[in-house]
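Some notes on the structure that comes next.
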Amino acid sequence: MSETQQLSHDLKCMIIETLELEDITPEDIDDQAPLFGEGLGLDSIDALELGLALQKRYGIKLDAEAEDTRRHFESLAALQALVEERRVN
Amino acid sequence: MQQIRLGDWLGWCPDSIDRLQHPQLLTTDKPGQSLPAMLRRRLDTSGRAVCDLLARLDPDARYPLIHASRHGDASRTLDMLKGLVNQEPPSPTRFSMSVHNATLGVHSIANDHHRPLQALSASGNELEAMFWEAAGYLAQGQSSVVVAFSEGELPEDYVGHTTHPGFPCAIAMRLTLNQGPCLMNSNTDGSEGAPHPFDVIRWLSGSTTTLAGRQQQWRLEQL
């Protein structure tokens, strides 16, 4: 597994574990599909929970009010791009 | 005030605990089938059971609902408090669900319920509080009120400091003025403890004839 594939897998596992998603495996999460609303169907509390998980695991602090935060959470691929760019651990 | 009657009831306790073998007692270790998975994940086992009982006793989402729990989701709340002591930021999900009306909130979303909802905690007087509140709704003209009483897992740190059945359990009753046995109450001498949900299950299953609280005791009477 390449480094990119490993990070994608790690992020999917983080989402499933952090958000206590039942009956969902990493394979069920499409890299390009929306995470919120349709697609995986996450909600606003999940967004806050994911923000905290990114801070704990990768040292990335997001501004909840910033316009680009919404963009980072659009899909797994967008989240992965954010982590690759801004991770500090 | 008109006499409150017990229209119907259902209870839940884990499969491993069921010694009563009563048909109105649901015994599954995985309650929550009335909830979609994305909502179910937010509640602990007893919260999920409460939603299942409410969905069965109020299938058309027509009645006011009252949920009482003396301790609520004490395990998650205590974990969150311990985290705060260690300077850890609390989980937004756990924080948002740590309010006492979280279970009814999840149930109302899942069932599109728009009637009154009320969450109670009364330091061991939950039954009195539930019956009084239900009497109020019935006096206002509601045809039925469904009341649920539950306890989740008690954190190890609290064991021995409070009355608790020792396992998660839940009971729900549909109360009305015109059907079923009458709920007769009388004063106690104050020597009894605080009944928990499994005491209510035992009473309604016929294991005991009366249910005694701190101030009142109840029995069912067929008219």
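The values are calculated or read from the model by the stated rules, or taken from the named source; none is laboratory data. These numbers were taken from a predicted model, which means no experiment stands behind them. No Cβ is skipped: glycine too gets one built from the backbone with ideal geometry, and neighbour counts run over all protein chains shown. Heads up: the accessible areas ignore ligands, DNA and RNA and are worked out on the full protein's heavy atoms, side chains in. Shrake-Rupley method; radii C 1.70, N 1.55, O 1.52, S 1.80 Å.
If a spin label sat at a point 7 angstrom from the Cα of B:A61 along the line to its beta carbon, the backbone N atoms of segment B:94-120 nearer than 14 Å would be those of B:104-117. Only one residue of B:V147, B:S16, B:A55 has its Cα farthest out toward the positive end of the dipole of segment B:5-180, where Lys and Arg carry +1 and Asp and Glu -1 on Cβ, and that residue is B:A55. Just check segment A:3-86 against the gyration tensor rule for me: Cα atoms, a ≥ b ≥ c as the square roots of the eigenvalues, rounded for a/c under 1.5, and otherwise prolate or oblate depending on whether a/b exceeds b/c. Cα axes put segment A:3-86 in the rounded bin. Across the protein chains, with a 1.4 Å probe defining accessible surface, the residues B:V99, A:V88, B:V106 rank A:V88, B:V99, B:V106 from largest area downward.
Accessible area per residue was computed with a 1.4 Å probe on protein heavy atoms; B:R76 scores about 50 Å².
Strictly under 4.7 angstrom between C-beta atoms: which cysteines of the protein assembly as shown have no such partner? Here A:C13, B:C51, B:C182 come out as lacking a disulfide-compatible partner, given the Cβ-Cβ threshold of under 4.7 Å.
What helices does chain A hold that run 18 Å or longer along their axis, going by alpha-carbon atoms, with a Kyte-Doolittle average of 0.0 or more, using DSSP H for the helix calls? Length and hydropathy pass: A:44-58.
Take the Cα of A:A77, step 7 Å toward its Cβ, do the same at A:A33, and the gap between the two points is 1.5 nm. Dipole magnitude for segment A:3-86: computed about the Cα centre from +1 point charges on Lys and Arg Cβ and -1 point charges on Asp and Glu Cβ, it is near 400 debye. The separation of segment A:1-59 from segment B:130-192, counted between C-alpha centres, amounts to 40 Å. Counts of other chain beta carbons within 10 angstrom of each beta carbon in peptide B:27-39 average 1. Per-residue shielding of B:92-98, expressed as the average number of other chain Cβ atoms within 10 Å of the residue Cβ, stands at 4.
Only four residue types carry charge here, +1 at the Cβ of Lys and Arg and -1 at the Cβ of Asp and Glu. Report the dipole size of the protein assembly as shown about the Cα centre in Debye, rounded to the nearest 20.
On the way: 26 positive and 44 negative charges, 212 e Å.
Approximately 1020 debye in magnitude.
Expressed to the nearest 5 percent, the antiparallel share of DSSP beta bridges inside segment B:5-180 is 60 percent. Placing one equal scatterer on every Cα of segment B:5-180 and applying the Debye formula, the log10 ratio I(q)/I(0) at q = 0.10, 0.12, 0.16, 0.17 Å⁻¹ is -0.38, -0.55, -0.96, -1.08. Heavy atoms of the protein chains alone define the surface here; on that basis the protein assembly as shown has 50 Å² accessible area per residue at 1.4 Å probe size. Using a 7 Å offset from Cα along Cα-Cβ at B:D112, what residues in segment B:128-147 end up with backbone N under 20 Å from the label point? Backbone N within reach: none found. Couplings 3J(HN,Hα) for segment B:215-223, derived from phi with the Karplus relation 6.51 cos²θ - 1.76 cosθ + 1.60 (θ = phi - 60°), are 10, 10, 10, 10, 9, 9, 10, 6, 9 Hz, where x marks Gly and Pro. Interface A-B: total buried accessible area of about 1100 Å², 1.4 Å probe, protein heavy atoms only.
Residues of segment A:48-67 whose accessible area (probe 1.4 Å, heavy atoms of protein chains only) drops by at least 40 Å² once all protein chains are present, relative to their chain alone: A:E49, A:L52.
Among A:14-25, A:56-67, how do they line up from the highest to the lowest mean number of other beta-carbon atoms within 10 Å? Can you show the working numbers first?
Values: A:14-25: 15.6, A:56-67: 12.3.
Per-residue Cβ counts within 10 Å, averaged per peptide and sorted highest first, yield A:14-25, A:56-67.
Taking the chain by itself as reference, segment A:9-28 contains these residues with an accessible-area loss of 20 Å² or more in the full protein complex (1.4 Å probe, heavy atoms): A:E20, A:L21, A:E22. About its Cα centre, chain B has a charge dipole of approximately 420 debye under the convention of +1 per Lys or Arg Cβ and -1 per Asp or Glu Cβ, with nothing else charged.
I'd like the distance separating the alpha-carbon centroids of segment B:58-114 and segment A:60-87, in whole Å. A separation of 29 Å, based on Cα centres.
Would you work out what percent of the accessible area of chain B, with all protein chains in place, is carbon or sulfur (probe 1.4 Å)? Accessible surface attributable to carbon and sulfur in chain B totals 46 percent.
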